[in-house]
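Read through the structure below, which is laid out as structure tokens, and then see the notes.
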Amino acid sequence: MSGTRRRFFQDAAVLGAGLFSLSESLRAAEPEGEQAKHAVHATPTAPRAFQPMVTPDVSDLPHEMDGGAKVFKLVAEPVKKKIAPFKTIDAWGYNGSCPGPTIQVKQGERVRVIFENRLPESTSMHWHGLELPIEQDGVPYISQKPVTPGEKYVYEFTVHQEGTFFYHAHSAMQEMMGLIGFFVAHPQKDYKPRVDHDYGLVLQEWAVLPNNTVPNTAAMEFNWLTFNGVSAPMTTPLLARLGSRVRLRILNLGMDHHPIHLHGHQFVMTGTEGGRAPESTWYPMNTVLVGVAQARVVEFEAKYPGAWMIHCHLPHHMMNSMMDLLRDRAIQTADQTEEKAVGQMMSLAKSVPFEHVHPSPIAPDASSVPGFPQDAFMEMGMDEVVEKPETYGLAKNWSAGMMGMMTMVRVLPEKEYDAILMKKKMARTLAPKEQGHES
Ligand SMILES: [Cu+2]
């Protein structure tokens, strides 16, 4: 039994004892407790705090107040990003994060971003979807001089809109290296109906050769697909209390449009990258196409308990590249019925450097069937490698079914929801120095 595993069970024991007395305080702390963080620097004249969006696996960008302005510091720099347990890439991002940290403001606020370029080449910041003076638009040579390596540049504007916007470098290949992040403007007047959970997902895609770490930004085909910078099963499940209303904001800055599908629930599209959509335009759906440069906001009632997948439905976007695991072995693709090819896949399944619970059974004469193997030997259970409070209580080998641009909404009854919140709280207490990933 690994140390992590043991601690998990110890935590669970403590949990049983303290669960009920703490459930009330936890309910008060999540997600509303987040408000405190955003209200810390509020002056008497500052707009009322908002219920922030949570970007799983990505932090919020902190700010300070200077008079009436919210001041953010954003640094563009190279980032080593672990996108899967066995794959770390050399991406570019902001403040050590890829995608960059989430910026959250309230409609009407004055925003100042002190931007620093620690990249080896010039760049600039574009505020996608925001209506602001031309000199703040961040397009090199058109609205400003490029920000050269080592240089700082200050952007300042008032956000008069509400909605789900984003920021990114205005250079195509830099975007594909990961230079993108959320910019959420919360409305002056709360949206109706109000939601209990508000989550953000950034869709990205990467072309990275086996045994290589640098994305090929000129590629037209992609072998790694991520939500908030990680591929499933590393994505942190989204938690929703049974009976609550959930908002998902999904933004896409890549080369492909992604049909994002939610299992087991219908949702309505309540907003785009341009802001809130009138209720008269809402209609039921369960797959929303998030085109390049678009944001799509959907809302649903979390009516049915369970771990409901949410994923891009393009078949090749629900996979992780296994080429790295093959190491120096050339993959056999010429004839799938060839013993050598099948043998290679079987031995790969046996040699992966993490728990591989059980490949699903195959028929005795499988090798004689043209086309075999397809998904056989492909599922890579790695529950312990990706274990975190949000995965607590999932069925054994759950991670074998999670790949690529995929996560899940865990709709949990009261007690189970509170138990996981408790585990999150304990994890934070155990590792206070760690980055405050509010996921
Ligand atoms: Cu996709």
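Scanning the stretch 257-271 for residues that are surrounded by 14 or more Cβ atoms within 10 Å (Cβ to Cβ) and free of Cβ contacts under 8 Å to residues at least 40 places away in the same chain yields H257, F267, V268, M269.
Within the stretch 236-250, if we keep just the residues that are in contact with a Pro (Cβ under 9 Å, 6 or more places away or on another chain), outside any loop (DSSP other than H, G, I, E, B) and open to solvent by 10 Å² or more (accessible area, probe 1.4 Å), the residue that is farthest from the ligand (Cβ to nearest atom) turns out to be R241. Per the listing I83, I89, the residue uniquely aliphatic (A, V, I, L, M), touching a Pro at 6+ places or on another chain (Cβ under 8 Å), in contact (Cβ under 8 Å) with a residue 24 or more places away in the chain and assigned to a strand (DSSP E or B) is I89. Is it fair to say S2 is polar (S, T, N, Q), within 29 Å of V386 (Cα to Cα) and modelled with pLDDT under 95? Yes.
State the number of residues belonging to the stretch 121-136 that are surrounded by fewer than 17 Cβ atoms within 10 Å (Cβ to Cβ), in contact with a strand residue (DSSP E or B) (Cβ under 8 Å, 6 or more places away or on another chain) and assigned to a loop (DSSP other than H, G, I, E, B). Number of matching residues: 2.
Selection of the stretch 137-156 for residues being within 20 Å of G68 (Cβ to Cβ) and surrounded by fewer than 19 Cβ atoms within 10 Å (Cβ to Cβ) yields V154, E156. Counting the residues of the stretch 299-313 that are in contact with a Pro (Cβ under 7 Å, 6 or more places away or on another chain) and within 14 Å of the ligand (Cβ to nearest atom) gives 2. Here L253 meets each of (1) away from the ligand (no atom under 11 Å from the Cβ); (2) of a type outside the set (S, T, Y); (3) out of contact with any helix residue (DSSP H, G or I) (no Cβ under 7 Å at 6 or more places or on another chain) with one exception, condition (3).
Considering the stretch 206-235 alone, what residues qualify as being of a type outside the set (A, V, I, L, M, F, W, C), more than 16 Å from the ligand (Cβ to nearest atom) and within 14 Å of the chain's Cα centre (by Cα)? Matches in the stretch 206-235: P233 only.
The values are calculated or read from the model by the stated rules, or taken from the named source; none is laboratory data. Keep in mind that this is a model prediction, so the values were computed, not measured. Because the Cβ atoms are built from the backbone with ideal geometry, glycine has one as well, and the counts that use them run over all protein chains shown. Each accessible area value is taken on the protein alone, full model and side chains, heavy atoms only, with ligands, DNA and RNA left out. Shrake-Rupley method; radii C 1.70, N 1.55, O 1.52, S 1.80 Å.
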